[in-house]
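Written below as structure tokens is the structure these notes are about.
Nothing in this text is a laboratory measurement; each read-out follows from the coordinates by a stated rule. These numbers were taken from a predicted model, which means no experiment stands behind them. Positions of Cβ are backbone-derived with ideal geometry, glycine not excepted, and every protein chain shown enters the neighbour counts.
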Amino acid sequence: MILDQTLECQAQKRNLIPMKNHEGHFDRMKFCGWRILAGLLLLHILLSFFINGVLFREPVISSLRNFMEATGGWVHPTLVGNAIVIGLVVGVGMVGLCKWTAVDLRWIRSHFYRALAVLTLLILVWQSLLGVLAFFGNAQPVFNPAIDKIIHPGYLGSLFAQLLGNALYEETFFRVFLFSQLLVWGRRNWNERRAMLTAALLSQAFFALSHFPNRLFVKGLSELPNLLADQASLFLMGIVFLLLWLWLQNLWVVVAMHALLNKPFAIFGNTVNELQLVLVLLFFAIVLAGLKKSIRNQLALFCTGGKYMLTYPPPSPVHTPPTQTAPDR
């Protein structure tokens, strides 16, 4: 997670990092204040209850489904619900009140193009693994008999709703905004390690809890033991997504992974479920964790092109005169 000085100098020589800007993403962040932060968290909870308790219930959901069919499956109810949340929480709250820019949100166009290449590679690896499993299970490659559904507007519309709706919002709010705000606040009170650990645990705990209204309306209180296990699973995946963002430093890659986790597909085999992709993501995260820091830095440079990198934690001054002390951050 630390961008070493050598790599930074190399990127600067290639004009990938502006020479005048040596601050990382988290150094530029300002704490919006507990009132705004608490207000946005409360707004998120209220919108979650509204969407799951009103928008996605009869008779409104029938109207949304009819509208989806009228658009050929492209305007999914999930996209409509998350458009409301993005407009209010991200648009009014993060952009309007906190004055965040597209770079602060990590909605960076150059990162998006880089993410397409990374995602293509990850999908090839993922589908190849499914192909190997199908081969050993059937002694021959088996194509998914329902493979035509992958290009059906019904599936593509639901995946589109995840990419530009649910996954985009959750990664932006929980991984970028909430984690960053708690980290900036924690830095005022603790060292880097404790501030990061606290920010990670609290932000992803709230990520898991934010799904409770959905699970409550869908499954009810009778499924409470399963809901508790679901909360633990969501918390774990939140931590994995956070680490992937910090390591790769490209939010679009994590958004795409999140979307595919919610709407997986398989070219080989006849079944696909979230567990397969969860295991792939966990394996990917474990591999990244085991890599040398310099190799992870190179991956981050590849994913970002060296532009608008997180550079977490901030590098310490290299040349500090003996009579001076390094400035506090």
Problem set entry | Rounded to whole Hz, the Karplus (6.51, -1.76, 1.60) HN-Hα couplings of region 283-290, x for glycine and proline | 4, 4, 5, 5, 4, 4, 5, x
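Under 11 Å from the Cβ of Gly186, count the other residues' Cβ atoms, weight Lys and Arg +1, Asp and Glu -1, and hand me the total.
That works out to +3.
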Exercise. Shape of region 179-261 from its Cα gyration tensor (a ≥ b ≥ c, root eigenvalues): rounded if a/c is under 1.5, otherwise prolate when a/b > b/c, or oblate?
Worked result: oblate
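If neighbour count is taken as other Cβ atoms inside 10 Å, put Glu170, Glu192, Glu58 in order from fewest to most.
On the way: Glu170 22, Glu192 15, Glu58 7.
If I rank by nearby Cβ atoms, fewest first, I get Glu58, Glu192, Glu170.
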For this session: Amide H neighbours of Phe143 under 5 Å, at least 5 residues apart or on other chains, H built in the peptide plane: list them.
Result: Gly269
Exercise. Between rounded, prolate and oblate, where does region 57-116 land on the alpha carbon gyration tensor, with a ≥ b ≥ c its root eigenvalues, rounded for a/c under 1.5, else prolate if a/b exceeds b/c?
Worked result: oblate
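Going by a ≥ b ≥ c, the root eigenvalues of the Cα gyration tensor, does region 61-180 fall in the rounded group (a/c under 1.5), the prolate group (a/b larger than b/c) or the oblate group? Display every interim value, and only then the final one.
Values: a/c = 3.01, a/b = 1.49, b/c = 2.02.
Cα axes put region 61-180 in the oblate bin.
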Problem set entry | Sites Ala289 and Arg193 - FRET efficiency at Förster radius 22 Å, r taken between beta-carbons, to 0.05 | 0.85
Exercise. Which of Ile61, Ile51 comes first, and how do the rest follow, when ranked by fewest Cβ neighbours within 10 Å?
Worked result: Ile61, Ile51
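Quick one: compute the contact order of region 49-153, relative version, from alpha carbon pairs under 8 angstrom and 6+ residues apart, as a percent. Present the calculation step by step, with values, prior to reporting the outcome.
Details: 29 pairs, mean separation 17.7, N = 105.
Reported relative contact order: 17 percent.
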